[in-house]
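Beneath this line is the structure, given in structure tokens, with notes to follow.
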Amino acid sequence: MQSDRQKVLAALGPSHADLSLHLLHETDSTNLRLKEGCRAGIYTAPCLMIAESQTSGRGRLGRAFISPSGTGLYMSLLCRPETPWSPGKITLLAAVAVCLAIEEMTGLRPKIKWVNDLFLRGRKICGILAEGAGEQVIVGIGVNLKTPPGGFPDTAGIAGALDVPLDRLSLAGAIARHFLDGLRQLHHPDILRLYRARMPLIGREITFLEKGQQKNARVTGVDEDGGLMIVTDEGPQVLRSGEVSLGSASFSGLE
Ligand code: BTN
């Protein structure tokens, strides 16, 4: 029988043998552990940390990412891109890597909601948080594998799970492989092509907040750095961060 470490490494494949792997039972946040460890010189890229549970999982915009044991995959990759990079492009690559890994292991096809959420059957099944650490970047990925017995405690009511039989550690290895493969050719047009093909927002009417004001726009595309290209009454614009919404019927288009 394969050990936990062997499961990750088998799915990672032979071309990333320089990766150091850390499997934790419980931690506060794998992103935070790597950030602090990297500052203290304990961890160097490329490095993958996976925890069975997190007590202070971090999401975007200062939100918490609830990370109980037994129902999710919580992993962070510390890497040092060899070509110029932006947080947007790294996040975009991570979203593609998670989609490709889920597709190859389950046949399911998640959709990407700009910029960093993956949806399946109209529900959010994965979140991604990229954080800079000097010249390095930490990419945190949380995937909901199973719906917890009492349901998800999210107030927005959008959380869902893959809910198919799947080995958590093999999925982590496959995600890391797709991500690290992509990082070696970060500016290859295929990455953007794979992202756009999984992004149903293109061509849709959305709303977004700008300086506290709600605005309407139509999405025209995604640029090289993962910026959302939109057209409002005032003309074309590129959104680099924040969140967009499809309105009240909201996530039904993201199945
Ligand atoms: C989001 O949905 O806003 C992003 C969620 C990112 C969660 C992952 S779980 C592993 C890593 N460690 C963290 O504390 N956060 C990321």
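FYI, it's all coordinate maths here, none of it is from the lab. It should be emphasised that the depicted structure is a prediction, and the values quoted were computed from it without experimental measurement. So basically every Cβ, Gly included, is an ideal-geometry build from the backbone, and we count neighbours across all protein chains shown.
With each label point set 7 Å from Cα along the Cα-Cβ vector, what nm distance links A156 and M229?
Those two pseudo-labels are separated by 2.6 nm.
Given the -39500 (n - 2.57) contribution per DSSP H run of 4+ residues, what per-residue ellipticity at 222 nm results for the chain, rounded to the nearest 500 deg cm²/dmol?
The helix contribution divided over the chain gives -8000 deg cm²/dmol.
How high is the FRET efficiency from M1 to H25, r the C-beta distance, R0 22 Å, rounded to 0.05?
Step by step, r from the Cβ atoms, then E = 0.70.
What list do you get for E52, E36 if you sort them by fewest beta carbons within 10 Å?
E36, E52
Give, to the nearest whole percent, the P(r) tail of the stretch 157-227 beyond 17 angstrom, counting all Cα pairs. Intermediate values should be presented prior to the final figure.
Numbers: 1634 of 2485 pairs.
So the portion of pairs separated by more than 17 Å is 66 percent.
If you take the Cα Rg of the chain and divide it by 2.2 N^0.38 Å, with N the number of residues, what do you get? Provide the component values of the computation, followed by the final result.
Working: Rg = 17.6 Å, N = 255, 2.2 N^0.38 = 18.1 Å.
Ratio of Cα Rg to 2.2 N^0.38 Å: 0.98.
Size of the dipole of the stretch 1-158 about the Cα centre, Lys and Arg at +1 and Asp and Glu at -1 on the beta carbon, nothing else charged, in debye to 20?
Computed about the Cα centre, the dipole is about 480 debye.
Of L77, G221, A174, whose Cα points farthest to the positive end of the dipole of the chain (charges on the beta-carbon: +1 Lys, Arg; -1 Asp, Glu; origin at the Cα centre)?
Of the candidates, G221 comes out farthest on the positive side.
How high is the relative contact order of the chain, in percent, counting Cα pairs under 8 Å that sit 6 or more residues apart?
20 percent
What order do you get for T30, T220, T55 when you list them from fewest to most C-beta neighbours inside 10 Å?
Going from sparsest to densest Cβ surroundings: T55, T220, T30.
Sort F179, F65 so the one with the fewest other Cβ atoms within 10 Å of its own Cβ comes first. Please list the in-between numbers first.
Values: F179 25, F65 19.
Lowest count first: F65, F179.
Kindly express, to the nearest 10 degrees and within the range 0 to 90, the angle between helix 87-106's C-alpha long axis and the longest C-alpha principal axis of the chain.
With both axes taken from Cα atoms, the answer is about 70 degrees.
Which one of L129, P165, V139 is farthest out on the positive end of the charge dipole of the chain, using unit charges on Cβ (Lys, Arg +1; Asp, Glu -1) and the Cα centre as origin?
P165
Quick one: putting +1 on the C-beta of Lys and Arg, -1 on the C-beta of Asp and Glu, what dipole do you get for the stretch 205-250 around its Cα centre, in Debye to the nearest 20?
For the stretch 205-250, the charge dipole is close to 160 debye.
Between I42 and H187, how many nm apart are label points set 7 Å from Cα along the C-beta direction?
3.6 nm
When a/c reaches 1.5 or more, the comparison of a/b and b/c decides; with that in mind, is the stretch 1-137 rounded, prolate or oblate per its Cα gyration tensor? If you can, show how the numbers build up before the last one.
Values: a/c = 1.22, a/b = 1.12, b/c = 1.09.
It is rounded, given that a/c, with a ≥ b ≥ c, falls under 1.5.
Only sites in a loop by DSSP and with at most 16 other Cβ atoms within 10 Å count here; which trypsin sites (Lys or Arg not before Pro) in the stretch 40-131 make the cut?
Working: sites: R58, R60, R63, K89, K111, K113, R121, R123, K124; in loops: R63, R121.
Those that pass, being in a loop and sparsely packed, are R63, R121.
How much length would be gained if the chain were fully extended between E210 and R63, taking 0.36 nm per residue of separation minus their Cα-Cα distance, in nm to one decimal?
Answer, rounded to one decimal: 51.0 nm.
Placing +1 on the Cβ of each Lys and Arg and -1 on the Cβ of each Asp and Glu in the chain, which of G57, S15, G212 has its Cα farthest towards the positive end of the resulting dipole?
So the residue we want is G212.
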